[in-house]
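Worksheet: the structure to be examined is printed underneath.
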Amino acid sequence: MAHLLSHILLHFVVVSLHVNVIAQENGPNIILPGSTLYAGKHPRSWPSPSGFFEFGFYRQGSGYAAGIWLVGRPENTTVWTANRNDPPVSASSTLEFTAQGTLLLRTESGAQKIIANTSSSGSVDSACMLDMGNFVLYQNRSVVWESFDFPTDTILGGQNLRGDHNRMISSVSRSNHAGGQFLLSMQTDGNLVAYVNNSAELDTSDAYWSTRTNGYRFSVLNLNTRGVLTMSSESDLYGERLVADGSTTGNQTMIIYRASLDPDGIFRLYSHQLEKNTISNIWQNVDDACDVNGHCGLNSYCSSKGDDFRCYCYPGFTSESTKIPSCSQNFTVDGCESRKDLLIQYNITTLENMEWAGDPYSVKHNLDKEECKKACEEECSCGGVLYSIPNCNMFRLPLKYGKRHENINTTAFIKVIVGSSSEIRPTLINESNRSLILTVGLSLGSVASLSFVMALCSFLLYRHRVKSYEKLSENTSQVLTEQFTLRSFTFNELDEATHGFDDELGRGSFGAVYKGILPGDGKSIVVKRLPKVNEGETERIRTEMIVIGRTNHRNLVRLLGFCVEGSRKLLVYEYLSNGSLADFLFNMNGRPAWKERARIALDVAKGILYLHEECEACIIHCNLKPHNILLDDSLTAKISDFGLAKLLRPNHTRSTTGTKGTEWYSAPERQSSASVSEKVDVYSFGVILLEIICCRSNIEVQVCSADEILLSTWVYNCFVGGELNKLVEGEEEVDMRMVERFVKVGLWCIQDDPTSRPPMKNVTMMLEGTVNVPIPPSPSLPMLLLN
């Protein structure tokens, strides 16, 4: 107990020192004329006093753009871009705050672009990146220019849309911040409207969402620092209109709110929990992606599930090779109303649950479905009909902004010209020669077409088989090479891939970790820079790296390559986008679902089992903790840093790391002179398993009672007291029998006596429920477990 209290006291001292350092660093970061930023080297940016925001150069495509971003892990969030429609600049470009007080972008070719124009205000004497995300220029301590006045696709807490700057335009994509195809406008009639950004002149038919507040004379859209999005007028005559309330309880100074018109056209309100490093989408203006016009082009329709959608051509139409998928028929009727001597054959195709935009050219009332269908068939101008009892709404082609959803009760009739397809051109038929055309066409055309088709099919089949064989051989060779060969990188290659080791993701027991992008294929990677070792260790290090590279399991982070140059040793891993298990368990709003946590626990157990018993040589991890367990896109758990203990300390017998939190997962024997065995990993897994069950860390000070400070003590007391429901209190759909089984396994794994801990094979089978789990003793009372 004395050891525990001393550890807690030390923890408080470290936290206090950290807070004091932050307080000292929060002074204003004044930027003076003559300061310069460089795209390809440091300094690249000017930070805000807290370091939450930065202004400067960031990567865009193969070059750089200038803007403002919210600093985050694993990725930053761009909130403003200067001259966003200009192409990216090269690494030789600079951003200068000139002696005249102008913010000037100079490119490699010598071109100059003014980012901040303050000519009407005279000279500028200083600048600052504020903690609100606003970059400002000062003249005699008065703001003469600010980025908040020129929003791109985002507004931040404390920022408005108003006056001449009353609109936001979406970005092309998450990685390309040039102006995209959607626009949000705070209109002078008091309406906040989202449009397809087709041209300078907005067409009301291109609008897909609005607040329907026209007539209220609202002229300002405001997002305050508490996450409340409102509309108001300059004169306050009409009060306020609430658009969205994203405010949450807790430390508001550690939450940043932003409202963004995203590349998919949806206007969303986000909260960034800085302490927990999480991003939450707390409101969006439409729930269905297909409610946004413009995803699909002319004569096509959108079908969706939530934010995922696909575009489909109407029957009888074929896809065109355009940026926005549009469709067309291979035949159009020009002036058909005046050509009564022509008879064109049509079919009518029915599509349920359909709608599209625009006004019908004709509306016929009190018709049933068959009568409506026939009416379109008889009118040459009719391309499609929307039928809703009893109205028959007739439209000309092209059909615009089609959408299909089960909640739509309208039936669509699409006119299809007979023979219209991507391969056969429809035929114009003259009424007087109809018999002759049919007889001659069917006789000669059938014979010629059949012969041609047979010859063409034979040729294409032969060609397809040859190509398939060549592709199969090529792909097989490539896959085998990628899976079983570690790439040897040069230090310069990794320096370029990480942009000079600029984007640090974190530091662990075995060195710093950086994010990078391989120049060739654009693949995201993680580079771990290991501590320097003796030159004589090079061959052993290389051998150990190859052994690590041979491990191949779905629950292990894949090693892609390495670099060994002199005393510099680096490992290259696959990049996993969902962060660590620690972030997943402790840094989210609310607990993750029990089923997800149970599956992750089993993933981790299987990964350790592979290291201990199934790979070429037994690998003892020696540093298992939630920070070393990463999650991929499907939340599959993958263990990282395996094999590094032996790689860097081949003769170690106990832990020598001083990394924060590592000792919380260390087995007791690692603090003594006892030799290390696989059971140290079993102990660490037991602690992690209890954390997964309870969604809290092993030691917590802010708890209701002293018994809850140490997680293992609290769990054991709840187990013997029949109160396991306290561990998952407030959760839904929890299998309490599974919770009990997992708790018993976890308590067995953290026994002080290593011989009492089960091997990982038994642990995995007990978690799966294929082996009964005996009643565990208190973790402080060793007892043998029959293996």
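The values are calculated or read from the model by the stated rules, or taken from the named source; none is laboratory data. All values derive from a computational prediction rather than experimental measurement. We place every Cβ from the backbone using ideal geometry, glycine too, and count neighbours over all the protein chains shown.
Quick look at the values:
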| quantity | calculated |
| --- | --- |
| Residue ranges of strands (runs of 3 or more DSSP E) in segment 243-293 with at least 2 members without any contact (Cβ under 8 Å) to a residue 60 or more places away in the chain and not hydrophobic (A, V, I, L, M, F, W, C) | 267-273, 278-284 |
| Segment 275-301, residues that are in contact with a Phe, Trp or Tyr (Cβ under 9 Å, 6 or more places away or on another chain), surrounded by fewer than 18 Cβ atoms within 10 Å (Cβ to Cβ) and more than 18 Å from Thr154 (Cα to Cα) | Lys276, Asp288 |
| Of all residues making up segment 613-636, the number that are under 16 Å from Val682 (Cα atoms) and crowded, with 20+ Cβ neighbours inside 10 Å | 9 |
| Qualifying residues in segment 241-272 (those that are charged (D, E, K, R) and closer than 27 Å to Ala178 by Cα) - the one farthest from the chain's Cα centre (by Cα) | Arg258 |
| Identity of the residue in segment 389-413, under 23 Å from Asp287 (Cβ atoms) and free of Cβ contacts under 8 Å to residues at least 60 places away in the same chain, that ends up surrounded by the fewest Cβ atoms within 10 Å (Cβ to Cβ) | Asn407 |
| Index of the failed condition, Gly158 passing every other in (1) small (Gly, Ala, Ser); (2) in the same structural domain as Phe182 (by TED's automatic domain parsing); (3) over 29 Å from Leu223 (Cα atoms) | (3) |
| Close pairs (7 angstrom Cβ cut-off, 6 or more residues apart or separate chains): assigned by TED's automatic domain parsing to the domain that holds Glu691 in segment 711-726, of a type in the set (D, E, K, R) and part of a helix (DSSP H, G or I) anywhere | Leu711/Glu691; Thr713/Asp707; Trp714/Asp707; Trp714/Glu708; Asn717/Asp707; Cys718/Lys726; Leu724/Glu740 |
| Unique match (being more than 18 Å from Lys606 (Cα to Cα) and assigned to a helix (DSSP H, G or I)) among Glu733, Glu740 | Glu740 |
| Hits in segment 158-192 - residues which are within 21 Å of Arg226 (Cβ to Cβ), more than 22 Å from the chain's Cα centre (by Cα) and either part of a loop (DSSP other than H, G, I, E, B) or not polar (S, T, N, Q) (or both) | Gly158, Leu161, Arg162, Met186, Leu192 |
| Residue check for Leu631: outside the structural domain of Gly746 (by TED's automatic domain parsing) and modelled with pLDDT of 85 or more | no |
| Number of positions in segment 214-230 that are free of Cβ contacts under 8 Å to residues at least 24 places away in the same chain and closer than 16 Å to Asn166 by Cβ | 1 |
| Among (1) basic (Lys, Arg); (2) modelled with pLDDT under 80; (3) assigned to a loop (DSSP other than H, G, I, E, B); (4) closer than 23 Å to Lys606 by Cα - the single one Arg696 does not satisfy | (2) |
| Selection status of Ser672, at pLDDT below 85 and within 28 Å of Leu560 (Cα to Cα) | no |
| Selection status of Tyr208, more than 30 Å from Tyr64 (Cα to Cα) and assigned by TED's automatic domain parsing to the domain that holds Arg258 | yes |
| One residue from Ala598, Ala593 being in contact (Cβ under 8 Å) with a residue 40 or more places away in the chain, on the phi < 0 side of the Ramachandran plot and out of contact with any helix residue (DSSP H, G or I) (no Cβ under 8 Å at 6 or more places or on another chain) | Ala593 |
| Within segment 366-382, considering residues that are modelled with pLDDT of 90 or more, part of a loop (DSSP other than H, G, I, E, B) and surrounded by 16 or more Cβ atoms within 10 Å (Cβ to Cβ), the one nearest to the chain's Cα centre (by Cα) | Cys382 |
| Within segment 743-787, tally of residues that are buried (at least 18 other Cβ atoms within 10 Å of the Cβ), part of a loop (DSSP other than H, G, I, E, B) and at pLDDT 90 or above | 6 |
| Where a residue in segment 143-170 is under 15 Å from Phe55 (Cβ atoms) and its partner, wherever it lies, is of a type in the set (D, E, K, R) and in a strand (DSSP E or B), with Cβ under 7 Å and at least six apart | Thr154/Arg258; Leu156/Arg258 |
| Qualifying position, being modelled with pLDDT under 85, among the aromatic types (Phe, Trp, Tyr), surrounded by 13 or more Cβ atoms within 10 Å (Cβ to Cβ) and not assigned by TED's automatic domain parsing to the domain that holds Lys41, among Phe501, Phe510 | Phe510 |
| Matching residues in segment 544-578 - criterion: being under 23 Å from the mean Cα position of the chain (by Cα), surrounded by fewer than 18 Cβ atoms within 10 Å (Cβ to Cβ) and not in a strand (DSSP E or B) | Arg554, Arg558, Ser577, Asn578 |
| Single condition Gly730 does not satisfy, out of (1) of a type outside the set (Asp, Glu); (2) at pLDDT below 90; (3) not assigned by TED's automatic domain parsing to the domain that holds Ala598 | (3) |
| Verdict on Thr211 being of a type outside the set (D, E, K, R), without any contact (Cβ under 8 Å) to a residue 60 or more places away in the chain, farther than 30 Å from Pro87 by Cβ and touching a Leu at 6+ places or on another chain (Cβ under 6 Å) | yes |
| Output for segment 24-75, where each listed residue is among the polar types (S, T, N, Q), closer than 15 Å to Val136 by Cβ and more than 29 Å from the chain's Cα centre (by Cα) | Asn29, Ser35 |
| Whichever residue in segment 273-324 is more than 18 Å from Gln181 (Cβ to Cβ) and basic (Lys, Arg) and, among such residues, is modelled with the lowest pLDDT | Lys305 |
| Pick from segment 583-595, criterion under 25 Å from Leu505 (Cα atoms) and surrounded by fewer than 20 Cβ atoms within 10 Å (Cβ to Cβ), ranking: modelled with the lowest pLDDT | Met588 |
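Table: residues versus (1) in a strand (DSSP E or B); (2) in contact with a His (Cβ under 9 Å, 6 or more places away or on another chain); (3) without any contact (Cβ under 8 Å) to a residue 60 or more places away in the chain.
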residue: Gly67; (1), (2), (3): yes, yes, no
residue: Gly72; (1), (2), (3): no, yes, no
residue: Val79; (1), (2), (3): yes, no, no
residue: Arg84; (1), (2), (3): no, yes, no
residue: Pro87; (1), (2), (3): no, no, yes
residue: Ser92; (1), (2), (3): no, no, yes
residue: Leu105; (1), (2), (3): yes, no, yes
residue: Gly110; (1), (2), (3): no, no, yes
residue: Ile115; (1), (2), (3): yes, no, yes
